[in-house]
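This report concerns only the one structure given below.
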Amino acid sequence: MVNLAVKIKDLELKNPVMTASGTSGFGEELADFYDVDKLGAILLKGTTLRNRDGNPYPRMAETASGMLNAVGLQNKGIDYFIENIYPRIKDYNTPLIVNVNGSTIEEYIEVTQRVNELDKIPAIELNISCPNVKEGGMLFGTSCASAETVTREVRKAYSKTLIVKLSPNVTDIAEIARAVESEGADSVSLVNTFLGMAIDAEKRIPLLSTITGGLSGPAIKPIALRMVWQVSRAVKIPVIGMGGIMNATDAIEFFLAGATAIQVGTAIFRDPFTPLQIIDGLEDYLNRHQIDDICKLVGALKY
């Protein structure tokens, strides 16, 4: 028997395989296929203070080795989540993590305070890839100063495990990681999507209504892997890796690069069973290599 359990501050996971926010709703969609309690954790759909309708269609486009999305954080707001969704999912026997979003510091704080009151939510993932409306639309996560500020203020409002999700669309992601660590982040998750675009050459129009969108999938894996390796060497807090993980081998590469846990996102659109297949693949890998604990793989890259 091998041990797949990992710990991120006070957050205990039976295995290190999570779903990525926005790729399986609030977990109920996956529950139609299998027992979601087998997952290490479920990252819930991005949640904002108020209802958001999201961007106009079309807002998803397939690309070579990946996909673009510009959904625009469509959700019905934190009050709707608490009143209607939380009661349905709170008894899952696996950690539920709310992905918190906002356009101002005040919005982040208000959403966080409401989530903090929910007994069955042991952690939040703070998405700092949101546009700061008070700073002309600049993303919170693209400068150390704004990343520090939002992390510090949310940390004051939140008493449980705080994961900060980093944007890859920066010059030095390790610098941003150190900034949020200094303000109380318990962990960082990376990477969010890369800014990209796609064009219909025959019609001479963009494939997305917003022209640009977030690129995810296998196409970004080598860059995401490099960033996880860089960040894991720059901070002392656990790193959660994501970006193009399609199978157990991909996941193992992220562990070797320094990730303590991983998130599966785009692969779920192709095959919702992918997270379970990865869990089985990790156990097989550890057995074949006579490794008794997944933690022994973390940062074990030889060079």
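The values are calculated or read from the model by the stated rules, or taken from the named source; none is laboratory data. Because the structure is predicted, anything quoted here is derived from the model rather than measured. Cβ sites come from the backbone with ideal geometry, for glycine too, and all protein chains shown count toward neighbours.
Does at least one position in region 137-148 carry a residue that is in contact (Cβ under 8 Å) with a residue 40 or more places away in the chain and among the aromatic types (Phe, Trp, Tyr)?
The answer is no; no qualifying residue exists.
When you go through (1) within 15 Å of the chain's Cα centre (by Cα); (2) under 25 Å from Leu297 (Cβ atoms); (3) modelled with pLDDT under 95 one by one for Leu73, which number turns out not to apply?
Failing condition for Leu73: (2).
Restricted to region 168-198, and to residues that are in contact with a strand residue (DSSP E or B) (Cβ under 6 Å, 6 or more places away or on another chain) and small (Gly, Ala, Ser), which residue is nearest to Ala61 (Cα to Cα)?
Ala198
For region 1-18, give me the residue count where each residue is outside any loop (DSSP other than H, G, I, E, B) and closer than 14 Å to Leu39 by Cβ.
Matching residues across region 1-18 total 6.
Inspect region 29-38 for any residue being part of a loop (DSSP other than H, G, I, E, B) and small (Gly, Ala, Ser) and give the result as yes or no.
Within region 29-38, none of the residues are part of a loop (DSSP other than H, G, I, E, B) and small (Gly, Ala, Ser).
So which pairs qualify, if the first residue must be in region 248-268 and free of Cβ contacts under 8 Å to residues at least 60 places away in the same chain, the second must be among the aromatic types (Phe, Trp, Tyr), the Cβ gap must be under 7 Å, and the two must be at least 6 apart or on different chains?
Partner pairs satisfying both residue conditions: Ala248/Tyr285; Ile252/Tyr285; Ala257/Trp229; Gly258/Trp229.
Tally up the residues in region 255-264 that are closer than 18 Å to Val164 by Cα and either at pLDDT below 95 or buried (at least 24 other Cβ atoms within 10 Å of the Cβ) (or both), please. Break it down stepwise before answering.
First, the residues of region 255-264 that are closer than 18 Å to Val164 by Cα: 258-264.
From what is left, the residues that are either at pLDDT below 95 or buried (at least 24 other Cβ atoms within 10 Å of the Cβ) (or both) are 259, 261-264.
Number satisfying all stated conditions: 5.
Being farther than 12 Å from Ile262 by Cβ and surrounded by 24 or more Cβ atoms within 10 Å (Cβ to Cβ) is the filter here; which residues of region 229-240 pass it?
Val231, Ser232
Which residue pairs have Cβ atoms under 9 Å apart, sit 6 or more places apart or on different chains, and have a first residue in region 91-105 that is on the phi < 0 side of the Ramachandran plot and crowded, with 21+ Cβ neighbours inside 10 Å and a second that is in a strand (DSSP E or B) and among the basic types (Lys, Arg)?
Going by the 9 Å Cβ cut-off, the qualifying pairs are Asn99/Lys165; Asn101/Arg52.
Quickly run through region 40-80 and pick out the residues that are of a type in the set (Val, Ile, Thr) and either in contact (Cβ under 8 Å) with a residue 60 or more places away in the chain or not in a strand (DSSP E or B) (or both).
Thr47, Thr48, Thr63, Val71, Ile78 - these are the residues of region 40-80 that are of a type in the set (Val, Ile, Thr) and either in contact (Cβ under 8 Å) with a residue 60 or more places away in the chain or not in a strand (DSSP E or B) (or both).
Give the residue, chosen from Gly243, Gly214, that is buried (at least 18 other Cβ atoms within 10 Å of the Cβ), farther than 26 Å from Glu12 by Cα and among the small types (Gly, Ala, Ser). Talk me through it step by step, then tell me what you get.
On the way: Gly243 fails: farther than 26 Å from Glu12 by Cα.
After applying the criteria, what remains is Gly214.
I'd like the full set of residues that are within 21 Å of Asn99 (Cα to Cα) and either without any contact (Cβ under 8 Å) to a residue 60 or more places away in the chain or touching a Ser or Thr at 6+ places or on another chain (Cβ under 7 Å) (or both), limited to region 188-205. Outline the logic, then answer.
Quick first cut of region 188-205, residues within 21 Å of Asn99 (Cα to Cα) only: 188-195.
Of everything in region 188-205, those that are within 21 Å of Asn99 (Cα to Cα) and either without any contact (Cβ under 8 Å) to a residue 60 or more places away in the chain or touching a Ser or Thr at 6+ places or on another chain (Cβ under 7 Å) (or both) turn out to be Val188, Leu190, Val191, Asn192, Thr193, Phe194, Leu195.
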